[in-house]
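Below you'll find the structure, written out as structure tokens, and then a few comments.
The values are calculated or read from the model by the stated rules, or taken from the named source; none is laboratory data. Here the structure is a predicted model, which is why all the values come from computation and not from measurement. Here Cβ is always computed from backbone atoms with ideal geometry, including for glycine, and neighbour counts include all displayed protein chains. Just so you know, the surface numbers come from the protein's heavy atoms only, side chains and all, with ligands and any DNA or RNA stripped out. Shrake-Rupley method; radii C 1.70, N 1.55, O 1.52, S 1.80 Å.
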Amino acid sequence: MIDNPRSPRVRAAAKLAKKNQRAETGLFLVEGPQAVAEAIRFRPELVREIFVTPQARDRAGAVMRDARAAEVRVEIVTDAVLDAIADTVTPQGMVAVCETFPSSLKAIVASAPRLVAVLEEVRDPGNAGTVIRVADAAGADAVILTGTSVDPFNPKAVRATTGSLFHVPVVVGVDLDEALDALRGAGIRVLAADISGDDLLAARSEGDLDGATAWLFGNEARGLTTEQLTRADRAVIVPIYGSAESLNLATAAAVCLYESAFAQRAAAGDQ
């Protein structure tokens, strides 16, 4: 059992909460049994090691069995050591160190995607992680984070994905124009979510959601610039029927991505 919170291995793992350390090492943290289980199930080759308390080990028997089957190194640690590694105030007793695995824009475009989410200068890790989770749930083929968007391997973003980070290809650090040019060159229609746009229901009724679509979402505070909006084929707004002032980014993204998923499946005759 590792019981020293200041041991070199523990300190090295704890440093992965910082972006510069993730960039230098190519590693990141995954917290909680559910997220660790998804990592082992979908991308076991990326899991370097797991730190777990005795109590969490006993509660997560299936995760431990899968880890052994995948030959993942498991270290039993004290609560104090787990607290030193975890980014959360009340960790769930299990943290994995995994290799980062960003996808390339070229590979995404070559896969003939039908539904893509593009995040431009999205800064809140909770929003970015939730959009990745929503994209996964809606059956999207990729999420692209452009410009100075938050690092999806940020601990808060990883937690917000609840494991979906291991299901959906994620592209990071590409220029917005480069991403849109590549998507449009592959015959993908670009729809921008913006308050200046047309009603989402109008876009749906006119068939704009039926084909291959990339949804463009802007910064939480500023949205998309006029120049960025001109790069889209159409701007669309999610209508608000009640008295709410607005929808947050992740909620609006959920509506837009699911509307496209519904429309595409209806057009294909899927139930």
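Quick notes on this one:
- Using only alpha carbons, the stretch 8-99 has a radius of gyration to Kirkwood radius ratio (Rg to Rh) of 0.93.
- Charged-residue dipole, Cβ positions (Lys, Arg, Asp, Glu), the chain about Cα centre, Debye nearest 20: 940
- Loop-resident GluC sites (Glu not before Pro) (DSSP state other than H, G, I, E or B) in the stretch 199-240 with no more than 12 further Cβ atoms inside 10 Å of their Cβ: Glu206.
- In the chain, the portion of solvent-accessible area held by carbon and sulfur atoms comes to 49 percent [1.4 Å probe, whole percent, DNA, RNA and ligands not counted].
- Leu176 contributes about 10 Å² of solvent-accessible surface, heavy atoms of the protein only, 1.4 Å probe.
- Coupling constants for the stretch 231-239 follow from the phi torsions by the Karplus curve (6.51 cos²θ - 1.76 cosθ + 1.60, θ = phi - 60°), and in residue order they are 7, 8, 6, 6, 9, 9, 10, 7, x Hz; glycine and proline get x.
- From phi via Karplus (6.51, -1.76, 1.60), per-residue ³J(HN,Hα) for the stretch 107-117 in Hz, x at Gly/Pro: 5, 5, 5, 5, 7, 6, x, 9, 8, 9, 10
- Using the Karplus relation 6.51 cos²θ - 1.76 cosθ + 1.60 with θ = phi - 60°, the per-residue 3J(HN,Hα) values for the stretch 81-89 come to 5, 4, 4, 5, 8, 5, 8, 7, 6 Hz, with x marking Gly and Pro.
- Å³ per residue enclosed by the Cα convex hull of the stretch 105-270: 111
- Approximate spin-label separation Arg11-Arg43, in nm, with each point projected 7 Å along Cα-to-Cβ: 2.9
- Coil-residue trypsin sites (Lys or Arg not before Pro) of the stretch 162-271, DSSP, other Cβ within 10 Å capped at 12: Arg222
- A DSSP coil position with no more than 13 other Cβ atoms inside 10 Å describes the following chymotrypsin sites (Phe, Trp or Tyr not before Pro) in the stretch 201-262: Tyr241.
- For Asp3 and Ser205, the difference between the fully extended length at 0.36 nm per residue and the C-alpha to C-alpha distance is 66.6 nm.
- Calculated FRET efficiency for the pair Ile76/Ala23, C-beta based, R₀ 41 Å, to 0.05: 0.85
- Length gained on full extension, Tyr241 to Ser103: 45.9 nm, using 0.36 nm per residue less the C-alpha separation.
- Of the DSSP H helices in the chain, those whose Cα atoms cover at least 24 Å axially and whose Kyte score averages 0.5 or more: 249-268
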